[in-house]
Amino acid sequence: MDLNKTFEEAVTNSKLLSSKPSNDTLLALYSLYKQATEGDVNIDPPSNPFDFVAKAKYEAWAGLKGKTTDAAKQEYVNLVNKLRG
């Protein structure tokens, strides 16, 4: 099956999980999705030092710098499939 189609299905399935994943897993899903759809981080880091959520999201995405979009898509699909059981 085409990776893009599989990725889009995984995005849909990620919204249908039976239980909410841990914060670390949510960050992994977020960062893999951003890397898969936008590539390397392309925004400035959050300016508010007390916006911990934005900082965590930025750092998670920045941590994937250099990972190809296809590799990020495949990892996202694998993670969603693991979460679905």
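None of the figures in this text is laboratory data; all of them are computed from the coordinates on show. Just so it is clear, the structure is predicted and the values come from calculations on it, not from any experiment. Don't worry about glycine lacking a Cβ; one is built from the backbone with ideal geometry, like all the others, and counts go over all protein chains shown.
Some observations on this one:
- Checklist (1) surrounded by 15 or more Cβ atoms within 10 Å (Cβ to Cβ); (2) under 30 Å from residue 18 (Cβ atoms); (3) out of contact with any Leu (no Cβ under 8 Å at 6 or more places or on another chain) applied to residue 75, failing item: (3)
- Qualifying residue in segment 46-61 (condition: out of contact with any Phe, Trp or Tyr (no Cβ under 7 Å at 6 or more places or on another chain), exposed (fewer than 12 other Cβ atoms within 10 Å of the Cβ) and of a type in the set (D, E, K, R)): no
- When the helices (runs of 4 or more DSSP H) confined to segment 9-85 are screened for residues that are over 13 Å from the mean Cα position of the chain (by Cα), those reaching at least 2 such residues are found at 52-62, 69-84.
- Single unsatisfied condition, residue 19 versus (1) loosely packed, with under 13 Cβ neighbours inside 10 Å; (2) touching a Lys or Arg at 6+ places or on another chain (Cβ under 9 Å): (2)
- Residues of segment 30-63 that are among the aromatic types (Phe, Trp, Tyr) and over 25 Å from residue 78 (Cα atoms): 50, 52.
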